[in-house]
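Right, one structure below, let's go through it.
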Amino acid sequence: MKHWIQSFQIAAVYVGTVVGAGFATGKEIVEFFSRFGFIGLIGILMGGYLFVALGTKLMEKSIDIGAQSYEELNTYLFGKYFSKGMNILMMIMLLGVCAVMLAGSGAIFQEQLGYPKMAGVLLTAVLSFIVMMLGVKGLFAVNTFVVPMMIFFNLYLLMHSIQHPHFLQGLLTIPYAEDGWKSVVAPFSYTALNLALAQAVLVPVAAEVKNKKVVRRGGIIGGLLLTVILLSSHATLVMLPNVDSYEIPIAVIMKKMASEIYFIYIFIIYGEIFSSVIGNIYGLEKQIRGYLPFKSAWLYALIIAGAFSFGVINYGTLLSYLYPIFGYISLVFIILLWMKPHKNKE
C-alpha cells in the first residue's frame, strides 16, 4: 500500500510540474493543439503516448545511473562535453518558464479578478519562497491537493461541453492556420519541452524513491492523467470562438458554462501555476547548488528574483515566443532518451 501511495505522489508531481501556467490556463494547449482542430486532437493522443513512455523511462534511467540531478542525466545522454552546454541551456529554460508562470499568475489577477498584475506576480513569488523552505514535502503536499482538483474540474467542463449541440462539429473541424505545418511537429516539440523541463523535478524525486517499480507506476499513471487533462481541455477549448485571442481561455469558458463554480476554478488554476513554479524552483536550486555553494534559502531567493524580473512581461507574449523555441531545442533531448536502451548492459 505504501508503494502505491508513493506512485500516486510521483504521478501528482509529474502532472503538477507539466501542468503549469500555459497548460492550466489553456493558452499552451491552444498554441500547440486546439487551434489546429481535429489535427490537434490526433496530436494530443501522440503526445499522451510519449508522456507515458518517455516520462517513465526518464525516471527509470535516472535510477539506473544513480543520477541525483538533471545535470547527471544530461551527462549520460549528451556526453561529458555537450552536456555542459545543455545544462546551461536547461537552467535558462527553467528560469524562463518560471517567469512565464509568474506572468501567468499576474494575468489571472488582472484578467479574471480585476486586480493589478503586479499583485499576482508578487504574491506568487512570496508564497513560492515560503513553500520551498519546506523542501520536497511542500512540493508533494501542493501537488497532491491541486492535481486531483484540476482533473475533476476539467472533466466537469467536458461534461458541459458534450451537451452543446455543435460539440462534434467543433471537435472534428480542421480550421485554416497559416503555420499549419506546426501541427505535425507539435506533439513532439510539446512533449520534448515538458519532459526536458520536468526532468529537473523527476530526476531528484526518482533518486529519493530509488524503486523502479514505484516510479514506473507513477510515470504511467502521471502520463495517462496528463493525456486525460489534455483531451478534456482540448474538447472544451475548441468550442470557444477565436480561442487564441484570450490570455486565459479556459477561464472564459468556465465563466460561460459553469459560472457558479467559476471562482473555485480560478483558485485551482492558480494552484496549478503555483505548483509548477515551485517544481521548477526545486529543480533549479538542485542544479545551481553545484555552481554556487550557498544555503538553499539564498538560492531560492536568487531564482525567484531572476524569474520575477521577467515575469512582469506580458504573459501571452512570453509563452508564445519562449515555449515553441524551447520545444524545438528540447527535441534532441527526447530523441536521445528514446534511443537509450532500457537497461544498462553492466
- Note on the structure: Within the stretch 70-98, residues surrounded by fewer than 24 Cβ atoms within 10 Å (Cβ to Cβ), touching a residue at least 60 places away in the same chain (Cβ under 8 Å) and either more than 15 Å from F333 (Cα to Cα) or among the basic types (K, R) (or both) come out as L95, G96
- Item | Residues satisfying the stated conditions in the stretch 223-248, i.e. farther than 30 Å from M59 by Cα and among the polar types (S, T, N, Q) | T236, N242, S245
- Task: Give the residue, chosen from V243, V215, that is of a type in the set (V, I, T) and at pLDDT 75 or above.
- Result: V215
- Message: Would you confirm, using the coordinates I've provided, whether S183 is more than 30 Å from F109 (Cβ to Cβ) and not in a loop (DSSP other than H, G, I, E, B)?
- Response: yes
- Message: Could you check the stretch 68-118 and list, in sequence order, the residues that are more than 19 Å from S276 (Cα to Cα) and touching an Asp or Glu at 6+ places or on another chain (Cβ under 6 Å)?
- Response: N87, E111
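The values are calculated or read from the model by the stated rules, or taken from the named source; none is laboratory data. Values in this document were obtained by computation on a predicted structure and should not be read as measured data. All Cβ positions, glycine included, derive from the backbone under ideal geometry; neighbour counts span all protein chains shown.
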